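Structure first, commentary second.
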Amino acid sequence: MDVAIVGGGPVGLFIAASLSKMGYSVTVFEEHSDIGNPSHCSGLFSEHILEIVGEKERRGILKATRRAEIMAPDGSLLRIKSSSSRVYVVNRVEFDRSLARDAINNGAEIHLKERVKAVSRRFIKTSWGEYRSKIIVGAEGINSVVRREILVSPPKIIGAAQVVANYNYGEEDLVRIYVGNEVAPGFFAWVIPLGSDMAKIGLASYGNSWLFLKKLLRQLKAHPLSISAGGIPVSTVSRTYGEGMLIVGDAAGQVKATSGGGVYPSLKSAQCAVKTIERALESGDYSRTAMKKYEDCWRREIGKELSNAQYIHRQYRKIKDVDFNNIVRELNRPDMLKIINEYGDIDYPSKVVWKLLKKNPRLIKYTRIIARK
Ligand SMILES: Cc1cc2nc3c(=O)[nH]c(=O)nc-3n(C[C@H](O)[C@H](O)[C@H](O)COP(=O)(O)OP(=O)(O)OC[C@H]3O[C@@H](n4cnc5c(N)ncnc54)[C@H](O)[C@@H]3O)c2cc1C
């Protein structure tokens, strides 16, 4: 085969669909018996994601929203209504399956219930057999087999837990975020309404995120119907290629460390992977130099935003609850809200952060306090 892809998540399936459409022979190996399951994701997607995959109407969109509110530790609220960008609540299982259909319709093979145990140059060993492939892509998430083979350390991971629960806070199109060290140290908690009496309630944090989530569920009096847990990379790995091999998506830590959103940066990187693989298959050059073009491409496209997000994440970790309250109060001014509503973009959060700091120098005080700690 031309390309073997380890992992049938959004990244592996998108690459499979793109390369098989060009006529290459592609096989995806997925350890589970079902595409999309088990799902850990909240399914909060930006417009940019849907632009990359196209055909929006069949990607599992449940609803669109422009409204969010952030609750500070003292209970004060920052209400945001974006005029520039919409956020979609997506059924992630449906989303992944739509990409799998694309891949199959374009001629790719998907081997379900086939776990990849080991890879080496041109060689894949699975729970069912052995295969040869010109190129191997590691798109198997945080526990990447391909990453081990190219001798790269894993990204830094924080724990996340999520439930679907019976819960209603009265506003079906409003996403709520909770910040504070008592709620979710180092990250945040979220409530995403799924209908009038159901919501996804989740949390990522340092420490035991499941214990923090249980506490929040008690406070909200929400009753979980199903539970999932996962890890979110908050750093990118040092190298994402080896001879004839690439790692993409969570395997490479291509996730925004500010929000935990991985699908957009991963798909942007997947586009780079597709271009590099196409070039390599055309020329027959699978050397490290040829594969490095992938890394140059994704670092150019999304690398700066990812490293800005990692910087903000590191500073965010140091914010005390009293500073969270003060920051929310500073942002709750009409001129600040105008900037957030106009420029807020979940895929490029650093843009709005710099604009806010410029407009309200009092905020710089908090960044200085944080930087000193
Ligand atoms: C709680 C939580 C909420 C999130 N919410 C959002 C959100 O709202 N929006 C957003 O953009 N991102 C979100 N993310 C991040 C997002 O889910 C990931 O960034 C994204 O799924 C990465 O896609 P991927 O294809 O790289 O990996 P994955 O989605 O992890 O897919 C990897 C696939 O590889 C398979 N696999 C693993 N090992 C092997 C093996 N050895 N052999 C064969 N198959 C294997 C797995 O079964 C899996 O299907 C969230 C993450 C968590 C944990």
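Okay, here's what the table says:
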quantity	calculated
For Arg300, net neighbour charge (Lys/Arg +1, Asp/Glu -1) across residues whose Cβ lies under 15 Å away	+2
Environment charge at Ile61 (Cβ cut-off 14 Å; Lys +1, Arg +1, Asp -1, Glu -1)	0
Proximal lysines to Lys134, defined as alpha-carbon separation beneath 29 angstrom and excluding residues fewer than eight positions away on the same chain	Lys21, Lys113, Lys117, Lys125, Lys268, Lys275, Lys292, Lys293
Nearest-ten-degree value, helix 304-316 long axis tilted from longest Cα axis of the chain	40 degrees
Anchor Lys156: lysines whose Cα lies under 16 Å away (excluding residues fewer than 8 positions away in-chain)	Lys256
222 nm mean residue ellipticity, helices alone, for the chain (DSSP H n ≥ 4; -39,500 (n - 2.57); rounded to 500)	-11500 deg cm²/dmol
Spatially proximal lysines relative to Lys365 (Cα-Cα < 16 Å; intrachain offsets below 8 disregarded)	Lys318, Lys320, Lys355, Lys373
Lys214 versus Met198: modelled label distance in nm, points set 7 Å from Cα along the beta carbon direction	2.5 nm
Charge-dipole axis of the chain as Lys and Arg at +1 and Asp and Glu at -1 on Cβ define it, positive-most pick from Leu357, Gly107, Val90	Leu357
Pairwise FRET efficiency - Ala229 versus Lys125, Cβ, R0 = 30 Å, nearest 0.05	0.60
Degrees between helix 349-359 axis and first principal axis of the chain (Cα, 0 to 90, nearest 10)	30 degrees
Zone residues, region 28-57, relative to Glu282, backbone N less than 11 Å from point 7 Å out along Cα-to-Cβ	none
R0 of 45 Å, Cβ-Cβ distance Tyr169-Ser238: FRET efficiency to nearest 0.05	0.60
The chain: most fluctuating residue of Val152, Val116, Val191 per GNM, C-alpha cutoff 10 Å	Val152
Lys355 paired with Arg333, simple spin-label distance in nm, labels 7 Å along Cα-to-beta-carbon	1.7 nm
C-alpha center-to-center spacing [region 1-76, region 180-195] in angstrom	22 Å
Degrees, to the nearest 10: 209-220 long Cα axis against longest axis of the chain	40 degrees
Gain in span if fully extended, Val322 to Leu77, counting 0.36 nm per residue against the direct Cα distance	86.8 nm
Over region 318-372, equivalent-ellipsoid semi-axes from the Cα gyration tensor in Å	19, 13, 10
Neighbourhood net charge (10 Å Cβ-Cβ; Lys/Arg +1, Asp/Glu -1) for Leu112	-3
Fluctuation leader among Gln315, Gln162, Gln254 - the chain, Gaussian network, Cα springs under 10 angstrom	Gln315
Spacing of the two label points (7 Å from each Cα toward its C-beta) at Glu51 and Ala64, in nm	1.3 nm
GNM result for the chain, Cα springs below 10 Å: residue of Glu305, Glu114, Glu171 fluctuating most strongly	Glu171
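Bear in mind these aren't lab numbers, they're just calculated from the coordinates by the rules spelled out. These numbers come from a predicted model, not from an experiment. All Cβ positions, glycine included, derive from the backbone under ideal geometry; neighbour counts span all protein chains shown.
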